[in-house]
Each structure stands twice: as C-alpha cells, then as structure tokens.
Amino acid sequence: MRDLSSHRWMWIKAALFLVIGVVSCALIVVENPSLRVVALLVLTIWAFCRAYYFAFYVIEKYIDPAYRFSGIISALRYLITRRPPPG
C-alpha cells in the first residue's frame, strides 16, 4: 500500500473519521441517554487522543528522535521491542 500524498484525499479522510466518530457517539448516547454515558465517552475520546499524541509526537520528538513511525502497529512494535536507555 502506498502513502497517501494528495492533500484533497487527506482532508476527505479526516472528515470521514470525524463523521464516524460523531455518528458513533450519537448512536451510543441515543441508545443509553445519560450524563454518565456522555461523560465516559468524553473521557474515553480525550484519553485516546492523548495516547495517540504520545505515540506519534512525544516518542518521536523527545524520547527517540531517530525513530520514525509509520502507524499504530509500528509504534506498538517500537514500544515492545525497544531496549531501555543506558544509565
């Protein structure tokens, strides 16, 4: 599979992810409309966003600037197989 290089398709892909997320959250809230469910969804989304930020920005910019990730599987492989720093 080749890399996505068209800016137009990148925007379309981002919009589709947003639509999937909004529709999924709306369906969950419609099925079980409570403040608790909404709060848990917000916390879940926030936590996954922070984990994604850590995996693709913090590791690459601060922990190991020499490593370049190509996706979630690449980040997981790095976390599982990396050796602890000396010292």
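Working note: Debye formula, equal point scatterers on the alpha-carbon atoms of the chain, no solvent; log10 I(q)/I(0) at q = 0.19, 0.22 Å⁻¹ is -1.02, -1.12. Rolling a 1.4 Å probe over the protein heavy atoms gives the chain an accessible area of 91 Å² per residue. Would you mind classifying segment 1-45 by shape? Square roots of the alpha carbon gyration tensor eigenvalues, ordered a ≥ b ≥ c; an a/c under 1.5 is rounded, otherwise it is prolate if a/b is larger than b/c and oblate if not. Since a/c reaches 1.5 and a/b is larger than b/c, the shape of segment 1-45 is classed as prolate. Note on surface exposure: 46, 11 rank 11, 46 by accessible area, highest first, 1.4 Å probe. Label positions at residue 38 and residue 70, each projected 7 Å from the Cα along the C-beta direction, are separated by 4.3 nm. Solvent-accessible area assigned to carbon and sulfur over the chain amounts to 69 percent, based on a 1.4 Å probe. Please give me, ordered by residue number, the trypsin sites (Lys or Arg not before Pro) of segment 1-55 that lie in loop per DSSP and have at most 15 other Cβ atoms within 10 Å. Those that pass, being in a loop and sparsely packed, are 2.
The values are calculated or read from the model by the stated rules, or taken from the named source; none is laboratory data. Bear in mind the structure is a predicted one, so any value in this text is a computation, not a measurement. So basically every Cβ, Gly included, is an ideal-geometry build from the backbone, and we count neighbours across all protein chains shown. These area figures cover heavy atoms from the full protein model, side chains too; ligands, DNA and RNA do not enter into them. Shrake-Rupley method; radii C 1.70, N 1.55, O 1.52, S 1.80 Å.
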